[in-house]
Every structure is written in structure tokens, then in C-alpha cells.
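Chemist: Below: one structure in C-alpha cells.
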Amino acid sequence: MNKLTSKIKVLVVDDQPLIVEELCEFLESSGYRCAPCHSSHDAIRAFIEDPEIGLVLCDLHMPDMNGIELTQQLQKIAGKNRLFESILLTGRADKQDVIKALRIGIADYYQKPVDLDELLEGIQRQDAILHERQKSEHLGHLNQKLQYLAESIDDLYHDMESVRRPPPLKSSPTGDDATLSGGIPAIFKQLSPRQLDVAKLVSKGQTNYQIACDLGITENTVKLYVSQVLRLTHMNNRTQLALALSPNVASQPQKLTAH
């Protein structure tokens, strides 16, 4: 990796200052910015204060808190909103420690004395993995926003269509259309035109897939509309919704009560 090409800052933690100094000097000469710390508590504080830290290189055996415990604390702090990778350095290879480290999500470990070139390759590898994870996370958020935008545009478009649509004739319609256009219970009149379209198709026993095909929207959008309709009308399920909009029920003069 060329010098000064990485946007990731490396948190270097070891209770031996000379090791921290050597590692930081080597990594900085290889294009990484470093945050040196000589204790786990200092490392936690640095991690909280500097959101650019994305790689943690820490000693396994430290007096105040070992590298595994430190990583677990940082994972709690990061939660789901911050991505980072952790690499352990250990003076003695204990199989149980290694198993525990890998089990909690530590990416890699190296035994002291560390081969710096090998360590650099490992850091570059984790840097690339972290970059891909961040890109995937960003794309996931972007896709979610685009989905919401598409649903909003779709709803707006059909609302505009309903405004442009000429008013219905005052003559009494017959059949199912009469029931749905003139005999809708008052509880359904709070729905938007698109929500009402979906409710009508549900009352005809159509599946989400069939409704999506009929209305030219996605199946996920149909699920969203069905959920909104049930919430706004205080219905418990699709069956109750279908019964409420059925011709027999809609034509009855009694008040509709939904629980």
C-alpha cells in the first residue's frame, strides 16, 4: 500500500511504550495514521473521541484489561452504528485465548516478536475488508432511502391521479362497485386513495403478489399499505378487513366497530 493512502486510523495499544512507538513509526511510514495508547482505559477514551479509528491493534496480555476484554468493550461502544476490526498481538500463544478471541469477532492475531511485513499485510487485508463492509453498509442505507422515496412517489402519483379523475356519476351503481364506492363504512374514509385501492383488493381475497401486479407496485409496498390500513382502521387481520368491506356488511346500516 502506498504512503498516505488509507483513510483508516489505527489504534495501537500496548502497556510497553517502546512497542507502541515502534509499531506506530512503522505503520505511519506505510501510510497509516496511528493513535498510540499504553493502557486499555486510554484506548477506550481514544476510541470514543476519534470516530476515524477503524482498526485496533492491541496486546493480549495487559495489566488493567486484556485485549479480548478491551475489544468486547469497544464492541459495546460501537454498537451497530460503527464498524471496526481488531487484531491481537500475543507474547505466548494460548489455544484457549485464541479460540475465545476469534469467537468474539477478533479478525486476526500475531505472535511476538512480530514480523512487521507480515503484520502490515494483515492490516492491509483488514483495511480492505473494513472498506467493503462500510461500502455495503452505505449501499444498504441508500437502498432503504430509495425504497422509501419510491413508495412516496408512487403514493403521490396515485393521489394526483385521483384528483384528476372525473367525479363519479350520481346514478346509483350496481354490483360490487356500488358496494365499494357508495357503501364504504365511515371508518375507511380516512384512507388515502391508494390505501383504499389496496383494501378493496384485499376484500376480494387477492394475495399481496396479485395486488402488486394489479396496481403496478412492489409486493413490499403492498405489505406496507396493508399494515397502514389495518392500523388506521383498527383491524386485527386481513379477514376482518375483508369482511368489513364485503357487500353484505357494507350495505347494512348498523355501525361498524373494529377492535
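The values are calculated or read from the model by the stated rules, or taken from the named source; none is laboratory data. Everything numeric in this text was worked out from a predicted model, so none of it was measured. Don't worry about glycine lacking a Cβ; one is built from the backbone with ideal geometry, like all the others, and counts go over all protein chains shown.
Chemist: Find all pairs meeting these conditions: Cβ atoms under 9 angstrom apart; at least six residues apart or on different chains; first residue within the stretch 45-67 and closer than 11 Å to LYS9 by Cα; second residue of a type in the set (Val, Ile, Thr) and assigned to a helix (DSSP H, G or I).
Modeler: Filtered contacts from the stretch 45-67: PHE47/ILE77; LEU55/ILE123; VAL56/THR71; LEU57/ILE123.
Chemist: Now a separate question. Is it the case that the stretch 185-195 has a residue that's surrounded by fewer than 13 Cβ atoms within 10 Å (Cβ to Cβ), at pLDDT below 75 and not in a helix (DSSP H, G or I)?
Modeler: no
Chemist: In the stretch 60-71, what residues are within 16 Å of ASP50 (Cβ to Cβ) and modelled with pLDDT under 95?
Modeler: Listed by number, the list is empty, since nothing qualifies.
Chemist: Same structure, new question: Is the stretch 230-241 home to any residue that is at pLDDT 85 or above, under 26 Å from the mean Cα position of the chain (by Cα) and surrounded by fewer than 19 Cβ atoms within 10 Å (Cβ to Cβ)?
Modeler: yes
Chemist: While we're here: Given the criterion loosely packed, with under 12 Cβ neighbours inside 10 Å, of a type outside the set (Phe, Trp, Tyr) and modelled with pLDDT of 85 or more, identify the matching residue among GLY205, GLY216.
Modeler: Unique residue meeting the criteria: GLY205.
Chemist: Mind checking which residues of the stretch 30-52 are more than 19 Å from ASP127 (Cβ to Cβ) and part of a strand (DSSP E or B)?
Modeler: CYS37
Results for (1) crowded, with 17+ Cβ neighbours inside 10 Å; (2) of a type outside the set (Phe, Trp, Tyr); (3) in contact with a helix residue (DSSP H, G or I) (Cβ under 6 Å, 6 or more places away or on another chain), shown as yes or no for each residue.
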residue: MET65; (1), (2), (3): yes, yes, yes
residue: THR71; (1), (2), (3): yes, yes, no
residue: ASN81; (1), (2), (3): no, yes, no
residue: THR90; (1), (2), (3): yes, yes, no
residue: GLU132; (1), (2), (3): no, yes, no
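Chemist: For the structure I just gave you, tell me whether LEU55 is aliphatic (A, V, I, L, M), within 18 Å of ALA107 (Cα to Cα) and in contact with a strand residue (DSSP E or B) (Cβ under 6 Å, 6 or more places away or on another chain).
Modeler: So LEU55 fits the description; yes.
Chemist: To continue, here is another question. Filter the stretch 202-222 down to the residues that are assigned to a helix (DSSP H, G or I) and either more than 22 Å from ILE184 (Cα to Cα) or among the aromatic types (Phe, Trp, Tyr) (or both) and list them by number.
Modeler: TYR209, GLN210, ALA212, CYS213, GLU219, ASN220, THR221
Chemist: Any residue that is acidic (Asp, Glu), touching a strand residue (DSSP E or B) at 6+ places or on another chain (Cβ under 6 Å) and under 18 Å from LYS7 (Cβ atoms) - is there at least one of those in the stretch 84-95?
Modeler: Scanning the stretch 84-95, I find at least one residue that is acidic (Asp, Glu), touching a strand residue (DSSP E or B) at 6+ places or on another chain (Cβ under 6 Å) and under 18 Å from LYS7 (Cβ atoms), so the answer is yes.
Chemist: Another question, if that's okay. Quick check on my filter: what residues within the stretch 77-136 are of a type in the set (Phe, Trp, Tyr) and part of a loop (DSSP other than H, G, I, E, B)?
Modeler: Within the stretch 77-136, PHE84 is the sole residue that qualifies.
Chemist: Pick out the one residue from LEU74, LEU55 that is under 26 Å from the mean Cα position of the chain (by Cα), at pLDDT 95 or above and in a helix (DSSP H, G or I).
Modeler: Of the residues listed, the single one that is under 26 Å from the mean Cα position of the chain (by Cα), at pLDDT 95 or above and in a helix (DSSP H, G or I) is LEU74.
Chemist: Take the stretch 104-133 and flag every residue that is basic (Lys, Arg) and modelled with pLDDT of 90 or more.
Modeler: Within the stretch 104-133, ARG125 is the sole residue that qualifies.
Chemist: Would you check if there is a residue in the stretch 8-16 being over 18 Å from ARG133 (Cα atoms), modelled with pLDDT of 95 or more and touching a Gly at 6+ places or on another chain (Cβ under 8 Å)?
Modeler: yes
Chemist: Exactly one of (1) surrounded by fewer than 18 Cβ atoms within 10 Å (Cβ to Cβ); (2) touching a residue at least 12 places away in the same chain (Cβ under 8 Å); (3) in a helix (DSSP H, G or I) is unmet by LEU27. Its number?
Modeler: Against the list (1) surrounded by fewer than 18 Cβ atoms within 10 Å (Cβ to Cβ); (2) touching a residue at least 12 places away in the same chain (Cβ under 8 Å); (3) in a helix (DSSP H, G or I), LEU27 comes up short only on (1).
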